[in-house]
1. What FRET efficiency comes out for the pair Asp154/Glu96, r = Cβ-Cβ distance, R0 = 25 Å, nearest 0.05?
2. Looking at the chain from every direction and averaging, what is the projected area of its Cα convex hull in nm²?
3. I need the Debye-formula profile for the range 16-118: one equal scatterer per C-alpha, no solvent, reported as log10 I(q)/I(0) at q = 0.12, 0.17, 0.22 1/Å, two decimals.
4. Count the net charge of all other residues whose Cβ sits under 11 Å from the Cβ of His11, scoring Lys and Arg as +1 and Asp and Glu as -1.
5. Between Glu120 and Arg14, with labels modelled 7 Å along Cα→Cβ, what's the label distance in nm to one decimal, could you check?
6. Order by neighbour count: Asp57, Asp153, Asp84, fewest other Cβ atoms within 10 Å first, most last.
7. So what J values fall out for the range 7-19 if you push phi through Karplus, 6.51 cos²θ - 1.76 cosθ + 1.60 with θ = phi - 60°, rounded to Hz, Gly and Pro as x?
8. How big is the charge dipole of the range 97-154 about its Cα centre, in debye rounded to the nearest 20, if each Lys and Arg gets +1 on its Cβ and each Asp and Glu gets -1 on its Cβ?
Amino acid sequence: MHQFLIVSDIHGDRKILEQIIQKWSGQVDGIFYNGDSELAANDPVFDGVSTVIGNMDDDPDFVDARATTIDGITFFQTHGHLYDATVPGQWANLSEMDEAANEAGAEVVLFGHTHLEGAEVYDHKLFINPGSIRLPKGPHADLGGTYAVLTADDQHFVVTFYNRQQEPVPSLTVKVNRPL
Ligand SMILES: [Mn+2]
């Protein structure tokens, strides 16, 4: 079993990111931060963290997107604004990220930008948006912000969402069978 921490859209709230990473450090096989930190790419909080640039980030040392393989799972990670992820009234437009993920041979796609948490299978890939831990939008915005933990074994992916108090929100859990 492998676990991965996924956080996005802190918009300057460095402290909450530090707290979340402190909680999960050593328990997870990978840590992903999906953009809009408004921090420098070389901020120490990102040591050991896979990052990408968001539309509110101005440090050119952040990359636009990246593919990372950990424990046999290939992730395609990007913020979303460069792939037209926003669709009014819907969770997200996945089609442009899906094309890039196909080229990368990815099984899991990680994004942010919309501030709408969720996880969904599309074109044999698991798309995960952890939501914004600082400025949540949508029907679950009253949680005050979310991040996600992906648990993977050979047969399942389970995405668990957590609130700012670092408590799981079981009603949001998404469990899917592998292969997707
Ligand atoms: Mn944002």
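No lab work stands behind these numbers, since they all come straight from the coordinates. Note that this is a predicted model, so its numbers are computed, not measured. Cβ sites come from the backbone with ideal geometry, for glycine too, and all protein chains shown count toward neighbours.
1. Plugging the Cβ-Cβ distance into 1/(1 + (r/R0)^6) gives 0.25.
2. It is 9.1 nm².
3. -0.40, -0.81, -1.27
4. On the way: positive: Arg14, Arg134; negative: Asp9, Asp13, Asp36, Glu38, Asp57.
Around His11, the charge tally is -3.
5. 3.5
6. On the way: Asp57 19, Asp153 10, Asp84 13.
Going from sparsest to densest Cβ surroundings: Asp153, Asp84, Asp57.
7. For the range 7-19, the Karplus curve yields 10, 8, 6, 7, 6, x, 7, 4, 4, 5, 5, 4, 5 Hz.
8. On the way: 3 positive and 10 negative charges, 86 e Å.
The dipole magnitude comes to about 420 debye.
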